[in-house]
1. Return only the number of the condition from (1) within 23 Å of Ala146 (Cβ to Cβ); (2) within 16 Å of the ligand (Cβ to nearest atom) that Cys307 does not satisfy.
2. Output the residue which, of all residues in the range 87-122 that are without any contact (Cβ under 8 Å) to a residue 60 or more places away in the chain and crowded, with 22+ Cβ neighbours inside 10 Å, is farthest from the ligand (Cβ to nearest atom).
3. Which condition number does Ile339 fail, the rest of (1) surrounded by fewer than 17 Cβ atoms within 10 Å (Cβ to Cβ); (2) out of contact with any Pro (no Cβ under 8 Å at 6 or more places or on another chain); (3) of a type outside the set (Phe, Trp, Tyr) being met?
4. Before we move on, is Ala197 surrounded by 24 or more Cβ atoms within 10 Å (Cβ to Cβ), free of Cβ contacts under 8 Å to residues at least 60 places away in the same chain and either not β-branched (Val, Ile, Thr) or not in a helix (DSSP H, G or I) (or both)?
5. Can you name the condition, by its number, that Asp362 falls short on among (1) outside any helix (DSSP H, G or I); (2) over 30 Å from His275 (Cα atoms); (3) among the charged types (D, E, K, R)?
6. Are any residues in the range 7-37 touching a helix residue (DSSP H, G or I) at 6+ places or on another chain (Cβ under 9 Å) and at pLDDT below 90, and if so, which ones?
7. Based on this model, can you work out whether Ala318 counts as within 16 Å of the ligand (Cβ to nearest atom), at pLDDT 95 or above and buried (at least 18 other Cβ atoms within 10 Å of the Cβ)?
8. Whether any residue in the range 193-201 is within 16 Å of the ligand (Cβ to nearest atom) and either polar (S, T, N, Q) or in contact with a strand residue (DSSP E or B) (Cβ under 7 Å, 6 or more places away or on another chain) (or both) is what I want to check.
Amino acid sequence: MTSIDVLIRSAPDEACSTDLAKGPWEFDVTPGYGPGSSMGDVIPTGAPRQGELPAAYREADAADLHARIRAAKAALGDRVVILGHFYQRDEVVQHADFLGDSFQLANAAQTVPNAETIVFCGVHFMAETADILARPGQDVILPNLAAGCSMADMADEDSVEECWAQLEELYGTEADAEGRVPIIPVTYMNSSAALKAFCGRHGGIVCTSSNAETVLEWAFERGQRVLFFPDQHLGRNTAKKMGVPLERMPMWNPRKPLGGNTADDLTDARVVLWHGFCSVHKRFTVEQVEKARADRPGVRVIVHPECPMPVVDAADEAGSTDYIRKAVAAAIEPTTFAIGTEINMVNRLAAEYPQHEIFCLDPVVCPCSTMYRIHPGYLAWVLEELVAERKPNVIRVPERVAADARVALDRMLAAKPKDA
Ligand code: SF4
């Protein structure tokens, strides 16, 4: 039985989709994100699809798959490193050499000098970033190509280029008396390599949820305004914390001229927010925070900054997955935590720290649709293919894109988080 099965069977009326009990391969041939938080989002037509997983892996039971993964790992030795994101299911995480957020994992890959292959148990943009930062000769494999990210898909290169052209026409390109250019692009790590490269080409930078404030400070030193994509919530929450008034943060809807704004609104803007969001974190509400406080007086509410602003405002704290993990680990007295982030991570924290009461703010079990697409069946498949000296599902960013993206990533590396 998988951890998803346990979640669903222990609360049969509380799962967002009964399809979560099926193997992810059931959804590989159909368009869409599959069951989970992103199931209502529209997937781009060109999104990568996974070919059919061989029956031997679809039909194997959990014990068999784990034994095969362990045997293949032993055969491959340190030629392969397996990275697992915090939001992955436990059955995958137990085989990971490193567990972390997207940026920690991209860095972790570089600390394993002998690894010829990085198997990235996460989603597509993370595997791209690992490929950009990997050593020459290292390959990155994503066990299921359908593991994309609905938020990253909300900003495509053509739409951002079109937005940029409109903004340049409005603002011009001349720097002001302090040498600040009219606008600087900032992309969240959760974006395609093409958009990281866009930022590299246009004097911009990448941010994570840990260093977003430092990155915005960097950008405001060099630009009069920021175009922030794809996550409106991280952009708004961070800029608001830095004192930017909400009326100076217009939203850019890529389907409308000037993003649905007036020229005056855009001229007065400090941060232009792209109309993107994470469907996992969008599920959290102020009502859930209020209920947690009513049910558990003294509860400590911590949410991720991808949550909508009213939820962040209602919480006690907001921070990245790493911040949340460290906050729980640092609590000395038994504490009740209500956490607003992905369910797999919350349940793992609850298991790791039984001295605390830890629960997810959202009572409905609804994991990230795309993280869910990685399953031990795919991991066993790619590892056994590697043992047979074949390399399936290699993620390769073209060098001209990677070179520009590296510029923006290097700027990000220099921007240390406030709490580092
Ligand atoms: S949790 Fe949200 S941002 Fe992360 S991979 Fe899933 S959809 Fe994308």
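The values are calculated or read from the model by the stated rules, or taken from the named source; none is laboratory data. Every value quoted in this text rests on a predicted model; they were computed, and no experiment measured them. Here the Cβ is made from the backbone with ideal geometry for all residues, glycine too, and neighbour counts use every protein chain on show.
1. Here Cys307 meets the rest and fails (1).
2. Step one: list which residues in the range 87-122 are without any contact (Cβ under 8 Å) to a residue 60 or more places away in the chain, which gives 94, 96-99, 105-116, 118.
Pick out the ones that are also crowded, with 22+ Cβ neighbours inside 10 Å and you get 105-106, 109, 115, 118.
On the way: Leu105: 13, Ala106: 14, Ala109: 18, Ala115: 24, Ile118: 18 Å.
This residue is Ala115.
3. (1)
4. When the stated conditions are applied, Ala197 does not pass them.
5. Just one mismatch for Asp362, condition (2).
6. Leu7, Ile8, Arg9, Pro12, Glu14
7. Details: within 16 Å of the ligand (Cβ to nearest atom): yes; at pLDDT 95 or above: yes; buried (at least 18 other Cβ atoms within 10 Å of the Cβ): yes.
Yes, satisfied.
8. Residues of the range 193-201 within 16 Å of the ligand (Cβ to nearest atom): 193, 195-196.
Checking the rest, the ones that are also either polar (S, T, N, Q) or in contact with a strand residue (DSSP E or B) (Cβ under 7 Å, 6 or more places away or on another chain) (or both) come to 195-196.
Yes, that holds for at least one residue.
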